[in-house]
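Following: one structure in structure tokens, then a few remarks.
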Amino acid sequence: MIMWRRLHEIQGMQVVSLEEGRIMGSALKVYLSSTQKAVSGIQVRESGLGGDESWVDIRDVDKIGEHVVFIARAANCKAKHPVGRSLKDLMGMPVLSKDGRLLGSLVDVEVDEHWRVVELSLSENRLIGIQPEHAVFGADSILLEAGAADKVRSTVKPKTGFLARLFGSEAIQETADIISRAEHAQPRRPVEAKTRPAKKTSRKKPAQKATKKAAKKTSKKPAKKPAKKSAKK
């Protein structure tokens, strides 16, 4: 059995039966029971285009490795409708405390060896440990006990410079993220191709051109023949 697992790590893993050695497909979605605050099962999709989807109850999961989910036998993959709500549906849901404070948006869920939710990953690189019996996974939000904001901890070292003290470390971090995204969004300037300098051409003066043209015209005109005299009878 595993110890402390983030659910998004399971999505995409191959599901293999230990008895037959069959690859049943890949883990498409992980589902949670809103009442139990625990994982209810995994939706599996067969490999290939338009593969069928099946359901594995979490009780039938034998163990999970670094890249593979093992089930006891192939018959544990059943044509059954998923139970609970998927992690993908829960992601982005606001996490609130019962004293009216917004703690952040849900990013990921961490479970213990019994598949119970014990920690929530929040936006802005923050974590909070929870007691499942005091949490409410509602239709539109996740509610935690009053005073939960004091238990939120950051996973990154806060900024402590002058601007951070003046405006707050969160505002400085947000500004840095915006600048970084803007820099990556700017299109690269194309490299200018090196061109050879154009050769200098001697330009003829207009007077010379005019005289040459006139000479050509005169040379082309045929010479006039002298008129013949009429002979006297």
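The values are calculated or read from the model by the stated rules, or taken from the named source; none is laboratory data. This is a predicted model, so every value here is computed, not measured. Cβ coordinates were reconstructed from backbone atoms using ideal geometry, including for glycine residues, and neighbour counts include every protein chain displayed.
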Residue 63 vs (1) over 29 Å from the mean Cα position of the chain (by Cα); (2) touching a residue at least 40 places away in the same chain (Cβ under 8 Å); (3) not assigned by TED's automatic domain parsing to the domain that holds residue 24: all pass except (3)
With the structure loaded, tell me whether residue 58 is under 13 Å from residue 27 (Cβ atoms), buried (at least 16 other Cβ atoms within 10 Å of the Cβ) and either of a type in the set (A, V, I, L, M) or in contact with a helix residue (DSSP H, G or I) (Cβ under 8 Å, 6 or more places away or on another chain) (or both) or whether it fails that test. yes
Being assigned to a loop (DSSP other than H, G, I, E, B), exposed (fewer than 15 other Cβ atoms within 10 Å of the Cβ) and within 25 Å of the chain's Cα centre (by Cα) narrows 12, 21 down to just 12
Output for Cβ contacts, cut-off 6 Å, separation at least six or different chains, first residue within 17 Å of residue 100 (Cα to Cα) and in the same structural domain as residue 109 (by TED's automatic domain parsing) in region 127-153, second part of a helix (DSSP H, G or I) and not small (Gly, Ala, Ser), reads 128/151; 145/134
**Verdict on residue 90 being more than 16 Å from residue 29 (Cα to Cα) and of a type in the set (A, V, I, L, M, F, W, C)** = no
Counted residues in region 71-95 being more than 15 Å from residue 40 (Cα to Cα), surrounded by fewer than 20 Cβ atoms within 10 Å (Cβ to Cβ) and in contact (Cβ under 8 Å) with a residue 24 or more places away in the chain come to 6
Counting only residues in region 96-121 that are over 27 Å from the mean Cα position of the chain (by Cα) and over 20 Å from residue 63 (Cβ atoms), the one surrounded by the most Cβ atoms within 10 Å (Cβ to Cβ) is identified as 97
Scanning region 7-29 residue by residue, those out of contact with any Ser or Thr (no Cβ under 7 Å at 6 or more places or on another chain) and in contact (Cβ under 8 Å) with a residue 40 or more places away in the chain turn out to be 7, 8, 10, 11, 16, 17, 18, 19, 20, 22, 27
**Prompt:** When you look at residue 40, is it surrounded by fewer than 20 Cβ atoms within 10 Å (Cβ to Cβ), under 24 Å from residue 129 (Cβ atoms) and touching a residue at least 40 places away in the same chain (Cβ under 8 Å), yes or no?
**Reply:** no
